[in-house]
Structures are given as C-alpha cells and as structure tokens.
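The values are calculated or read from the model by the stated rules, or taken from the named source; none is laboratory data. Just so we're clear, the structure is a prediction, and the values are computed from it rather than from any experiment. Positions of Cβ are backbone-derived with ideal geometry, glycine not excepted, and every protein chain shown enters the neighbour counts. To get the accessible areas, we keep the full protein, side chains included, count just its heavy atoms, and leave off ligands, DNA and RNA. Shrake-Rupley method; radii C 1.70, N 1.55, O 1.52, S 1.80 Å.
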Amino acid sequence: MARNVYVASVEGHTGKSTVALGLLDSMRTRYERVGVFRPVARTVTEPDHVVELLRSQTSVDIPYDDCMGVTYADVHSDPDAALATIIERFKSLEARCDAVVILGSDYTDVGSPTELEFNARIAANLASPVLLVINGRQAYTADQHLGQVVARTPHDIAQVAELTLEEIRHSHAVLLGVVVNRAEPGTADDIVAALASVVGDQPVWVVDEDPALVAPRMSDLASTVDGELLFGPTESLSNEALGVVVCAMNHTHSLERIFEGAVLIIPSDRTEVLLAVLMAEQAQGFPRIAGIVLNGGFDLPEVIRRLLEGAAPRVPIVSSRFGTFDTTTRITSARGRVAADDPEKISRARATFAASIPAAALMDRVDAVTTSVITPLMFRYSLLQRARTDVRRIVLPEGSDDRILMAAADVMREGAAELVIVGEATDVRARASRLNLDLGDAQVVSTTDPELIERFAVEYARLRSHKGVTIEMARTRVADPSYFGTMMVHLGLADGMVSGAVHTTADTIRPAFEIIKTLEGTSVVSSVFLMALADRVLVYGDCAVIPNPTAEELTDIAISSATTATAFGIEPRVAMLSYSTGESGTGSDVDRVREATRLVHARRPDLAVDGPIQYDAAVDVAVARTKLPDSDVAGRATVFIFPDLNTGNNTYKAVQRSAGAVAIGPILQGLRKPVNDLSRGAEVEDIVNTIVMTAIQAQGLERSGS
C-alpha cells in the first residue's frame, strides 16, 4: 500500500499549495512514483490549478480526471455517497503509486466547521495521516495594503490548533504534524513553544511569510478587473503587486503614500496624479511600483495618450471600467498563486519550504506514522475488493422479493459476485423492468425446472435415506426454494446461498444442516456479527444461533470466529468473555469459560486467546494493565466470544443502537459451504453486504480445502 499524506487546513488562503509542493518534493526523495489526489473539486468548469501544478512535478503520468474525487455539489447532495466515491477513486489511483499527496479542500464553498469535519472524515477513510497547515496570518482585510495582514500571535495560533486537532481526533484521523505557514519572521521559536502544550510530542514546523509568494501578478489583477493593458511592455504584467494604494487624493499626497511593489489605483480623470506618479517612477529616490490601474472607464484625453505613448512607461497601465470602490474590492480580494506555468514562483516556493522543513526529517515522520483506523466505508470497500479478486457464484432463493432484486442489481454493478436468482423468469424480469434494474447478467432458475428437480431429488433422497426419505418425498422437498438453493450449493452449481428476507431462520438453516453439514472437526454451526465501529471492526460471536453453549461448543465458536475474522482481514485476538477476569471469579458460568479457553489453547495454540475476561479489560488498555497486565489480548481484543446467546444478542444490539455501529450479519460459520441468513426486516444494503460476505467465505473455504 502506498504512503499517503493528507494536506489539510482549517481555513482558506493558508498557502497550502506551497506546503503540498514541498511535501511532494520531499516524497520524491524516497519514493519513485508519487501521485496527487484532490478529494473534493472546487470547480468542474476549469482545471484545479494546484492539482495541475503538482501533476506537472510528479513522477507518474496519471490523467487529470483520475486525480479528482467528487464535486461540492456531490458532497451537498449525499455526503456518505460522495465519501464512498472518493474512496473508490482514490484506491484506483493509489494502486498506481508508491506515495500520494492528498489535497484537502480550499474553503471556497461551505462553512469552515462543516468543511473541516468532512476533510477529517476523508483523511480517516483514506487511512492517511494529516499534515495540518495553519495560517500564521489573520484573515485578509480590504485595507490599503494588498496582502499585508496582521500576523497571528503564537497564542492565537495555538488556539486555532487546539480547536482543529480536536475535530481531527473526533473523526479518528491521525496527525502527522503541524505546519504553521506564512508566519511572522523571527517568531518560530515562540510558535513552537506555544503549540507544545497542544500537540505534545507531535512535530511542528514553521515557514516564514514570503510576500512574493502570496502576491498576485499584474496580469492577475488585470483579469480581476476585466481590464486590458493600455501602456507598458507586456512582460511588465508579470510584476508582483505587494500592496495597493488608492490615489484619490491630490498628486502630492499620492506620491507620499507609494511604496515598493505597490499597485496604484488612479481614477482615469485624475491625469495629473497619473503623470506625477510616472515622473516619480523614472526619478531616483522613489520606490519602484508594480503597476497602475486606471479606474472609472473614462477615455484619456488625446494629448495625454500621445504623451504616454512618447514616454513609453516601464510599468503596466491597466484599464478598469469599475468605480473606485469596486476596483479596489476586486484587487484586494485577488490572491497570488504558485501555478504550473510560473517557474519563478515554483522555485521560490520550493526554496521557502526547504529552508524550514528538511526533507529527511519530514519523510522520517511519514515513514514512522501509521494508522490502524478502519472505518465502516473502508471496511465495505475492502470487502468489495476481496470479492472482486475471485468472483464467486451466489444463489438467492427469494426472487419474489423486490429487495433481493435491488440488492442483486447493486452486487452485479459492483462486480462483487455472479448471481443465481430462484424464481419464474418472466416474473423476475418483469419486476426488474418495473424497478428499472439491470439484471441481465443474472441467471434465473425455476423450482419447477424438471431436470434440476429430478437431479436434486435423487441426491437428497440418497443423503436422507437413513431418515426414510423416498424419491417422491424428495421431489416435493427440493421444490421448496430454500432446499432448492441449498442443493445448488451442495452440488457445486453455486458457491454459497443467501436467504431469509421472506423465510424464517429455521427455513434457511435447516436445509444446510441436513445437506451441507458442518466442517470436519467442528461440532456446531454458530454465527458472528461484524461490528463496524467508527474506527475499527470487531467480531462478536455467537449472537444468533446457540442459546447456552457448553465449554466444548464455546471452543468451536471461538475457533470458527477466529477463522471468520481472518477471512475478512481482521487479525484475531480472541477474548472469552465472562463477568470476571482472570482468576478473580468462581462459579459454573466462569468455570465453563475458563475450560473453553483451555480447550482453545490446546486445539489452536497459534491463536491469541485469553479468558475469562470482562469486556472492559478486553477493549480498554488502561483497564487491561490493571486486570491482566501480561495478556497479549487484553486491551487489544478483536474477537469477542460471549458466554451465551442472551448476552451476545443484547450486547450487539446495544452497541449497534447506542454507539452507532454498523452490524453486519449474522454470518453463519462452521458449515462446509457458506449459507447465510437475512433478517426479514433486512434493507437492500444489508442484503448486499451479506451477499459479498458469503462470496468471501466461499473463497476462504475453497482455499482451505473444505
């Protein structure tokens, strides 16, 4: 997996592009293929200039569109769907890179608190540590000096950081470090000291303000006021405007106020001021200005035009049809930028960054910081990817239910499984058309198919002959959709089955018990729920099948649950739960869990397992240090085995409802081939998840030779 860094800020105009460029340069010292990704695009009508800048400096040739996620409109319409799309597009780009610089949004659309929270969510879901950029300057003000703003004090900067870092932590993102950009020169030590109590041992880098980097060029200002170059050489439009002076007073006072790099706004009917300024520009002892904007839209008198043409001014004189107020407002709102076609500013930005942030130190930090966060969206994406790598064939016996058909369309669109839908073809296709679903790639089979019925009946009668089942009885039995689907799995016509949307749990599981049976060495079929919390995924078992398991059954449940966890990419650390921890409790219930723990150790010495253990000691590192300080599982458990169904079922529902966890399941385990049961209240997303998980189970069972 690539090394990625998310460059985020809490506000606009922080000089984030300079930081991103410096980060990219640093990454290129250690990684060969460094890409760039913008999760939320500011506009779709024109290219993002920062993305274009970074793409021009990257070492991989990735098309512009592949570097972009979604639009602001997408985020407003459905934030969760937008986030899912961002993950999908990012993962596609990440696969082509060794490292990726991810550019947070620019605060040009929605309110800062909302935008900061969404950026933090994106970073967490992309498993990318955040390089936080804080502006060392206060927000821009429309005073007479363009771009000259009040520097934030170290205390102010620390307050901004404190509020921002709380939001980042709340969203389960990981901090890489803090860059205070555009800081007042000479204040770096004070800023680092002020931030120490906020960031702890996290690194803080301070980059001094470089006025030339944030200064717009005269060409930018001409565009801002819809103006054109009236006089002066074309190349003078590259002059950087370091401030603005409104020359609405007489020529004497105007000359007193000009400074180096200023752009002068002069009403086009104040020609005496214009001429005085141009004389000062050619005289020794006066500052060199960046240019002149003549506002108001008045035509210059012919004699003045002739005079200017003969004088050949060295600075650009640009027109503006707007009045003084509008012209000044537009100019003071203009921002300089480091663009792909501006090698001078690119060089300056690189030098500014490198002077304050050594590449080696930054990359050592990038290599050291890891994130173990797994969000529900990340987990769902990983499930889809696993399913796609080795596509399995899943049978859905309940083709009469619209939810099943909608889920089937979603699964096939994602390429997560091949599907067999049990039902009458004309009815299934007609309802799919009514629901505007594409089920063209799904196979539809009928329970009245004579060839399949006869084949299934012969096999079922053979399997159940010891129970007195005749061929006639078998023909009736296998025409039931649940038995029909189970026989397809048994005979290899499908790799797994998902049912239960309209049938009871018993209807779904009974055929599997009779036909598919349990794995060798496993005495019981049990279940788990995958509990997708905000920052991790846990495995809960058994919460749906066995009411009061014996010690031997708890052993089977624990081993099966650990195997299931591994199949879904979760490292199993098994906690055998009880109302006491270690040797502190006695009684039949605790002794049963203690015995089950001993049996798991004996059967699977490779598994990390501990018990009896209370839930708090299993998940909380601080509690674990007190109660089981030498345990490899305590405080780090990922698989939780409940002592009985009452405890397990209530706990998973409590966590689901109170902690906002996404409960995926139940997933049946212990069968030789996967069959999974749906809740009759299942929603389309639940059905999709169950189909995908069944496909992954089928992959794992085949690899294990079951």
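One residue stands out among those in the range 171-197 that are among the hydrophobic types (A, V, I, L, M, F, W, C) and within 21 Å of Glu115 (Cβ to Cβ): the one that is most open to solvent (accessible area, probe 1.4 Å), which is Val174. Of the residues making up the range 429-467, those that are surrounded by 17 or more Cβ atoms within 10 Å (Cβ to Cβ) and hydroxyl-bearing (Ser, Thr, Tyr) number 3. When the helices (runs of 4 or more DSSP H) confined to the range 596-706 are screened for residues that are in contact with a helix residue (DSSP H, G or I) (Cβ under 7 Å, 6 or more places away or on another chain) and not polar (S, T, N, Q), those reaching at least 3 such residues are found at 621-627, 684-703. When Ser527 is tested against the conditions (1) more than 29 Å from Gly660 (Cβ to Cβ); (2) within 38 Å of the chain's Cα centre (by Cα), the lone failure is (1).
Answer yes or no: is there a residue in the range 334-343 that is within 34 Å of the chain's Cα centre (by Cα), within 24 Å of Asp48 (Cβ to Cβ) and not in a loop (DSSP other than H, G, I, E, B). Checked the range 334-343: at least one residue is within 34 Å of the chain's Cα centre (by Cα), within 24 Å of Asp48 (Cβ to Cβ) and not in a loop (DSSP other than H, G, I, E, B). Of the numbered criteria (1) of a type in the set (Gly, Ala, Ser); (2) under 22 Å from Ile557 (Cβ atoms); (3) surrounded by fewer than 24 Cβ atoms within 10 Å (Cβ to Cβ), the one Ala682 fails is (2). Of all residues in the range 40-67, those being among the aliphatic types (A, V, I, L, M) and crowded, with 19+ Cβ neighbours inside 10 Å number 6. Would you mind stating whether Arg89 is in contact with a strand residue (DSSP E or B) (Cβ under 9 Å, 6 or more places away or on another chain), open to solvent by 60 Å² or more (accessible area, probe 1.4 Å) and assigned to a helix (DSSP H, G or I)? Against the criterion (in contact with a strand residue (DSSP E or B) (Cβ under 9 Å, 6 or more places away or on another chain), open to solvent by 60 Å² or more (accessible area, probe 1.4 Å) and assigned to a helix (DSSP H, G or I)), Arg89 qualifies. When we screen Leu278, Leu307 for residues that are surrounded by 19 or more Cβ atoms within 10 Å (Cβ to Cβ), without any contact (Cβ under 8 Å) to a residue 60 or more places away in the chain and part of a helix (DSSP H, G or I), the only hit is Leu278. Remark: pairs (first residue in the range 68-83, open to solvent by 60 Å² or more (accessible area, probe 1.4 Å); second residue of a type in the set (Gly, Ala, Ser); Cβ separation under 6 Å; 6+ apart in sequence or on different chains) = Asp74/Ala82.
With respect to the numbered conditions (1) open to solvent by 10 Å² or more (accessible area, probe 1.4 Å); (2) within 26 Å of Thr690 (Cβ to Cβ), which one is the sole condition not fulfilled by Arg594? Going through the list (1) open to solvent by 10 Å² or more (accessible area, probe 1.4 Å); (2) within 26 Å of Thr690 (Cβ to Cβ), Arg594 breaks only (2).
Among the residues of the range 570-586, those identified as of a type outside the set (Lys, Arg) and open to solvent by 30 Å² or more (accessible area, probe 1.4 Å) are Glu571, Tyr579, Glu583, Ser584, Thr586.
Of note, Pro233 does not satisfy the criterion of being open to solvent by 10 Å² or more (accessible area, probe 1.4 Å), farther than 30 Å from Leu131 by Cα and out of contact with any Lys or Arg (no Cβ under 8 Å at 6 or more places or on another chain). Counting only helices (runs of 4 or more DSSP H) that sit wholly inside the range 351-415, those with at least 1 residues that are under 30 Å from Arg169 (Cα atoms), open to solvent by 40 Å² or more (accessible area, probe 1.4 Å) and in contact with a strand residue (DSSP E or B) (Cβ under 8 Å, 6 or more places away or on another chain) are 359-368, 376-389. Residues in the range 316-357 that are touching a Phe, Trp or Tyr at 6+ places or on another chain (Cβ under 6 Å) and farther than 22 Å from Asp208 by Cβ: Ile317 only.
For the criterion of being closer than 28 Å to Thr352 by Cα, out of contact with any Lys or Arg (no Cβ under 6 Å at 6 or more places or on another chain) and β-branched (Val, Ile, Thr), Val315 passes.
Against the test of being open to solvent by 30 Å² or more (accessible area, probe 1.4 Å), without any contact (Cβ under 8 Å) to a residue 12 or more places away in the chain and either acidic (Asp, Glu) or closer than 30 Å to Tyr483 by Cβ (or both), the options Asp610, Asp620, Asp606 yield a single qualifying residue, Asp606.
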